[in-house]
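Peer 1: Mind having a look at this structure? Questions to follow.
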Amino acid sequence: MAHIDDENQEDKPLDPVMEGVRRKMVKLQLISGGIMAVLFLAVLVSIFYKLTRDEGGAEPVAATSSSTFAVPSDQPLSLTANLPAGFRVAQTSLSGSQMLIYGETAAGERKAFVFDLALGRIIADVTLAGD
C-alpha cells in the first residue's frame, strides 16, 4: 500500500492567480445556488396557489349544471315550472337535466321554454315567429 505522507499533503497557499479563480468559482456557486433557491420557492408558491385558490367564479346568468344530474332514490324531485297564464303545452322533451316545453300562449304566440331540473327554474324563453 502506498503511504500518504501528511506533511506533503498540507494545504499550501495558492498562487494569486489560482486564488482569484477559486474566489470567482465560489461567487458563481453562491449566485447559482441563490437563483435555484428562488426558483424552487416560486414553484412551491405556485403549487400552494393552485391548491388553495377558489375554482368557482361568478356564474353567468344562464349557466346550467355541467355535472351529472342525480336524483336520490328515496326522494323524487318536486319542482314547479312557472309558465304564463293560459299557456297550452303541445309537446315536451327531456335531455339530461333540461326539459323543453313547447306550446302556445293564450294570445296564440308559439313559445318554447327550457326548464333546468338541477337549477329548478326556466333558463330560456324562446318566442317562435314566422310561418
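Computed from the coordinates by the stated procedures, all read-outs in this text should not be read as laboratory data. All values reported here derive from a predicted model rather than from experimental measurement. Counting neighbours? That spans all protein chains shown, and the Cβs are built from the backbone with ideal geometry, glycine included.
Peer 1: Pick out, in residue order, every one of the trypsin sites (Lys or Arg not before Pro) in the range 8-39 that is DSSP loop and has at most 13 other C-beta atoms within 10 Å; say none if there are none.
Peer 2: The qualifying sites: there are none.
Peer 1: In Å and whole numbers, how far do the C-alpha atoms of the range 86-131 stretch along each principal axis, longest first?
Peer 2: Cα extents, longest axis first: 32, 20, 15 Å.
Peer 1: Full-extension gain between Leu77 and Val45, please, as 0.36 nm times their residue separation minus the C-alpha to C-alpha distance.
Peer 2: Extending this stretch completely gives an extra 7.1 nm.
Peer 1: Roughly how many nanometres apart are two label points built 7 Å out from the Cα toward the Cβ at Ala90 and Ile31?
Peer 2: Reported label-point gap for Ala90 and Ile31 is 7.9 nm.
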